[in-house]
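Q: For reference, the structure I am asking about is given below.
Just so it is clear, none of the values below were taken in a lab; they were calculated from the coordinates. All values reported here derive from a predicted model rather than from experimental measurement. Glycine gets a Cβ as well: all are built from the backbone with ideal geometry, and neighbour counts include every protein chain shown.
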Amino acid sequence: MHKQRSRVCGALLAGAGLLVCVPSAWALRYGPASYNTYSAFYNSHPLPTPRFFKGKVLKMVIEVDSPAAAKWNYAIAVLTNIEKAFGNDPRRYRLELVAFGPGIRMLSVWSDAHNRVPLEHLVSHGLKVRACHNAMLATHLVRKDIFAFARVVPAGILEVARKEMQGYVAAKP
């Protein structure tokens, strides 16, 4: 037992020279071995919405300033997960996606448009899509070049700031 405890203590040696000793039972319970007992149920069934959202509305603005498909896929995945967590009930969340800078190209009808279908689905469930007019000018795009469901705002970063002032949480993938 003493050897095992000394290994745990040695592994938790902090850089400041403090030795923090944690009982080995804690290391066994919360270490990587505990992941093997994780129920398969939670891997195949969605978790319920956390209780602290009960009776509250989640307000989030996602800002995307990159034309990289990986960033857009991640932003769409985040939005889809929020939609699933709240049971496709748009009264329980307010979501907005703001595209600015080089990211404006992904709202263009001239892009590969692989994200058009999931964005249209999310828009039908309450997502608001905003396109930065300054970025459109910089990339020589006009209103007809942007998806019809996107609304043009004067400056994307100011839209994000405005939403934060209204109590929205800003997230950037």
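Q: Which chymotrypsin sites (Phe, Trp or Tyr not before Pro) in the range 108-173 pass both tests, a DSSP loop state and at most 10 other beta-carbon atoms within 10 Å?
A: W110
Q: Okay, next question. Using a simple spin-label model with points 7 Å from Cα along the Cα→Cβ vector, what separation in nm is obtained for A70 and F149?
A: Those two pseudo-labels are separated by 2.6 nm.
Q: Net charge within 12 Å of V61 by Cβ-Cβ distance, Lys/Arg positive one each and Asp/Glu negative one each, not counting V61 itself?
A: Summing Lys/Arg as +1 and Asp/Glu as -1 gives +3.
Q: Evaluate the distance, in nm, between pseudo-label points positioned 7 Å from the Cα of A170 and of V142 along their respective Cα→Cβ axes.
A: 3.2 nm
Q: Where a Cα-Cα gap under 26 Å defines reach, which lysines qualify for K59, not counting those fewer than 8 residues away within the same chain?
A: By straight Cα distance, K59 reaches K71, K84, K128, K163, K172.
Q: Report the Cα centroid-to-centroid distance between the range 104-173 and the range 59-99 in angstrom, as an integer.
A: Centre-to-centre (Cα) distance: 12 Å.
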